[in-house]
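Asks: I have a structure I would like to understand better, so I am pasting it below and will then ask my questions one at a time.
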Amino acid sequence: MRFQWLVGAAAFALLGSPAFAQDKAGGQVAESFEREIKKVVQGNFLIGLPKDYEKETTKRFPLIIFLHGSGERGSDIEIVKKHGPPKLIAAGKDMPFIVVSPQCPSNEGWSVDMLNGMYKHITKKYRVDKERVYLTGLSMGGFGTWAWAIDSPGKFAAIAPICGGGDPKKVEAIKGMPTWVFHGGKDNAVPIQRDQEMVDALKALGSDVKFTIYPEAGHDSWTETYDNPELYTWFLKHTRKAKEKEKSE
């Protein structure tokens with residue numbers, strides 16, 4: 001499925017005054033400006049709906065957003081089914097969630113603007129329970145999970161980054177968010193230190209964070225994680241923090 005969405009952004013407040021203009025000749029003064037800019041974001045995604053979605057026409061359903069790794073980038077949406085929740089659905093697993101799996105274009109990383117546009121599209125078109133939106137991803141998608149959650153913490157009830165990493169200086173934005181991190185102890189592609197430093201930074205803030213290390217696993221720490229029903233049970237135990245709601249809409 002393809003979506004297209006218009007997003008806007010504002011710059012800085014205007015500084016300077018007509019009085020300053022009189023002093024510009026032969027010198028220079030500092031000014032800044034404010035203008036609204038808009039751009040169109042678009043992308044492709046897979047969507048899986050629970051079996052009872054069409055029957056229960058008034059019910060809102062929890063949502064899992066899955067961000068794939070670098071190997072599934074491109075324009076062939078079918079390759080997104082290679083790992084994670086979309087793989088499970090393709091194999092016939094019935095999940096009690098709406099599952100959305102976007103595709104990142106070739107040679108690019110996850111764009112927060114694109115993901116925010118997709119979120120608006122999905123929550124407008126489908127009966128999503130905004131109190132129960134969960135974010136997870138592997139490898140490049142693990143990095144994307146950290147980055148998007150930090151940028152837009154009010155959207156998510158809980159996150160589960162796998163073999164990723166991020167900027168530990170920014171984790172205060174998600175210090176109140178339930179977080180379950182996974183990594184392979186023998187990962188040579190993304191060193192375990194990348195997730196460890198994020199976990200340590202959150203723990204220093206008193207955060208609700210869990211860290212599962214598979215001692216013998218290499219980079220593939222996602223197969224065991226997504227095959228474990230406990231992950232999905234854990235997701236459903238959490239709802240969005242009330243104080244974050246205003247920031248996300």
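The values are calculated or read from the model by the stated rules, or taken from the named source; none is laboratory data. The structure presented is a predicted model; accordingly, all values stated were derived computationally and were not measured. Counting neighbours? That spans all protein chains shown, and the Cβs are built from the backbone with ideal geometry, glycine included.
Asks: Name the single residue, out of those in segment 190-213 being charged (D, E, K, R) and surrounded by fewer than 18 Cβ atoms within 10 Å (Cβ to Cβ), that is modelled with the lowest pLDDT.
Replies: D208
Asks: Residues that are hydrophobic (A, V, I, L, M, F, W, C), surrounded by 11 or more Cβ atoms within 10 Å (Cβ to Cβ) and modelled with pLDDT under 80: list the strands (runs of 3 or more DSSP E) wholly contained in segment 1-80 that include at least 1 such residues.
Replies: Filter on segment 1-80 gives 2-9.
Asks: Could you list all residues from segment 162-196 that are among the β-branched types (V, I, T) and free of Cβ contacts under 8 Å to residues at least 40 places away in the same chain?
Replies: V171, I174, T179, V181, I192
Asks: Residue check: is D220 closer than 30 Å to F61 by Cα and either assigned to a loop (DSSP other than H, G, I, E, B) or touching a residue at least 60 places away in the same chain (Cβ under 8 Å) (or both)?
Replies: Here the answer is yes, as D220 does meet what is asked.
Asks: Residues of segment 214-236 being surrounded by fewer than 16 Cβ atoms within 10 Å (Cβ to Cβ) and out of contact with any Pro (no Cβ under 8 Å at 6 or more places or on another chain), which ones?
Replies: P215, E216, G218, T223, E224, D227, N228, P229, E230, T233
Asks: Can you find, within segment 99-120, the residue that is farthest from K82 (Cα to Cα) among those that are of a type in the set (G, A, S) and in contact with a Phe, Trp or Tyr (Cβ under 6 Å, 6 or more places away or on another chain)?
Replies: If we take residues in segment 99-120 being of a type in the set (G, A, S) and in contact with a Phe, Trp or Tyr (Cβ under 6 Å, 6 or more places away or on another chain), then G117 is farthest from K82 (Cα to Cα).
Asks: Are any of the residues in segment 161-182 under 16 Å from the mean Cα position of the chain (by Cα), farther than 26 Å from D227 by Cβ and of a type in the set (S, T, N, Q)?
Replies: No.
Asks: State all residues of segment 40-56 that are touching a residue at least 24 places away in the same chain (Cβ under 8 Å) and more than 18 Å from the chain's Cα centre (by Cα); if no residue qualifies, say none.
Replies: Those that are touching a residue at least 24 places away in the same chain (Cβ under 8 Å) and more than 18 Å from the chain's Cα centre (by Cα): V40, L49, P50, K51, Y53.
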